[in-house]
Amino acid sequence: MSRIGVPWRPGRRVRLPEGFQGVHWRSQVLGMRMSLALYLPPGYHARSDRRYPVLYVLHGSGHDWRSVLLEVRPQDHITALGSAILAIPDGNQGWWLNSPTVPRSQYGEYLMELVELVDRRCRTIAGRGARGICGFSMGGYGAMLLAALYPATFGAASSLLGPLDILQMFPDYYRLRLLLGSERDTWQRFNPASLVQHLAETQLSFCTAEDAPDLPQNESFASALRALHVPFQYHVYPGGHDTSFVRQHVGEHWTFHRRVFDQSIPG
């Protein structure tokens with residue numbers, strides 16, 4: 001078991017699970033070479049015009065796509081996702097947001113660039129109902145933030161252990177202070193709990209652990225959604241803020257996104 005947020009240093013190359021491939025590309029937004037793990041479902045390579053939904057999975061602090069495959073092991077639940085493409089990009093410590101204080105740290109725009117790349121390179125269904133976003137810890141925050149900021153892009157968003165009301169961390173959490181500065185109004189602009197009005201048409205699911213420090217933030221996020229009568233699924237399970245919790249519950253999120261895809265895609 002490992003705590004999320006502890007830097008992960010790979011000691012060996014990752015043997016990619018069946019159906020996965022490593023993709024390297026140059027992000028024009030970040031001005032650097034980036035990589036992701038891409039899963040193509042069975043039958044994708046057959047001679048067919050069939051197109052597929054896509055789920056984007058955002059990692060937590062201290063992780064990358066390799067540690068996600070090694071520690072979270074989403075591949076163990078891949079059948080629960082159905083016939084969908086899975087994209088697990090690297091996001092460094094960018095918190096999946098466009099920093100107003102660090103010009104080179106534009107990880108929200110970077111993810112939108114990646115969506116365009118995947119739609120160009122793969123046979124995707126390029127519509128919000130066939131595009132979901134999920135993440136854990138820092139990535140859970142990113143999933144809800146980006147779903148709120150880009151509601152026309154994602155039809156469903158889910159979070160495991162995400163800090164979904166970052167005003168509770170203001171102004172002390174150093175990584176966000178580095179990216180957002182020390183003005184409360186700026187933090188509020190990037191706070192999922194302050195942006196719930198933009199999630200009214202998005203399918204939402206999130207969970208946390210009884211002993212996780214993000215529990216009060218998830219409770220606040222749920223209260224903000226209830227206040228605006230925005231539907232959502234929310235669960236609090238035993239456990240703590242660690243990768244074993246994510247590994248245990250990630251399959252439920254695959255099932256959630258598959259249900260959204262099945263409801264949104266005709267036929």
Rounded to the nearest 0.05, FRET efficiency between Glu113 and Gln197 (Cβ-Cβ, R0 22 Å) equals 0.25
Karplus-derived 3J(HN,Hα) from phi for segment 170-176 (6.51 cos²θ - 1.76 cosθ + 1.60, θ = phi - 60°), whole Hz, x at Gly and Pro, runs 6, x, 8, 6, 5, 5, 6
Percent relative contact order for segment 20-264, counting Cα pairs under 8 Å at least six residues apart, stands at 20 percent
Residues meeting the amide H criterion for Phe206 (H placed from the backbone, H to H distance under 5 Å, 5 or more places apart or on another chain) are Ser159, Gln233, Tyr234, His235
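Among DSSP bridges having both ends in segment 20-264, what percentage is antiparallel? Round to the nearest 5.
In segment 20-264, DSSP labels about 35 percent of beta bridges as antiparallel.
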Rg from C-alpha atoms of the chain, normalised by the globular rule of thumb 2.2 N^0.38 Å, equals 0.94
Tilt, helix 138-149 to longest principal axis of the chain (alpha-carbon atoms), in degrees rounded to tens, equals 90 degrees
So for R0 = 30 Å, FRET eff. of Arg15-Leu40 from the Cβ-Cβ r, to 0.05, ends up at 0.95
Note, segment 242-256: 3J(HN,Hα) by Karplus (6.51, -1.76, 1.60, θ = phi - 60°), whole Hz, Gly/Pro = x, goes 8, 5, 5, 5, 4, 4, 5, 10, 5, x, 5, 6, 4, 4, 4
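Bear in mind these aren't lab numbers, they're just calculated from the coordinates by the rules spelled out. Fair warning: this is a prediction, and the values are worked out from it, not measured in the lab. Heads up, the Cβs are rebuilt from the backbone with ideal geometry, glycines too, and the neighbour counts pull from every protein chain shown.
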